[in-house]
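I have placed the structure first, in the form of structure tokens, so that the comments after it can refer back to it.
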Amino acid sequence: MARRILAETSAGHPRGSWPAEEQAQAFRNQGIPATVVADIRTDRYLVVVPDGEAS
């Protein structure tokens, strides 16, 4: 499934995934079905939506 990255934060952030979760919630509050995934290869948390969902 193709996904579009809306935001990203470092997995080494002192608050862990919380910054990405807060960003995803802000997108969801706008009606965008954002979720957070961990990208192990780049050591980042990514806020994503299915491709074609974000405008």
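Set against the labelled values (i) 30, 23, 12; (ii) 52, 28, 20; (iii) 44, 20, 14, Cα extents along the principal axes in Å computed from this structure falls on (i). From its DSSP helices (H runs of at least four residues, each -39,500 (n - 2.57)), the chain gives a residue-normalised ellipticity at 222 nm of -7000 deg cm²/dmol. Note on the chain: GNM, Cα springs under 10 Å; of 41, 28, 15, the largest mean-square fluctuation is that of 41. Accessible area per residue for the chain, computed on protein heavy atoms with a 1.4 Å probe, is 67 Å². Amide H to amide H distances under 5 Å link residue 3 with 51, where only residues 5 or more positions off or on other chains count and H is placed in the peptide plane. Can you give the angle from 0 to 90° between the axis of helix 18-29 and the longest principal axis of the chain, with both taken from C-alpha atoms, to the nearest 10? With both axes taken from Cα atoms, the answer is about 10 degrees. The phi torsions of the range 2-13, fed into the Karplus equation with coefficients 6.51, -1.76 and 1.60 and a -60° offset, translate into couplings of 7, 10, 10, 8, 9, 7, 8, 9, 6, 5, x, 4 Hz, rounded to whole numbers, with Gly and Pro shown as x. Close amide H pairs (under 5 Å, H built 1.01 Å from N) link residue 11 with 44, 45, residues at least 5 positions away or on another chain.
The values are calculated or read from the model by the stated rules, or taken from the named source; none is laboratory data. Predicted model, so just to flag it, every value in this text is computed and none were measured. These accessible areas exclude ligands, DNA and RNA; they are computed on the full protein's heavy atoms, side chains included. Shrake-Rupley method; radii C 1.70, N 1.55, O 1.52, S 1.80 Å.
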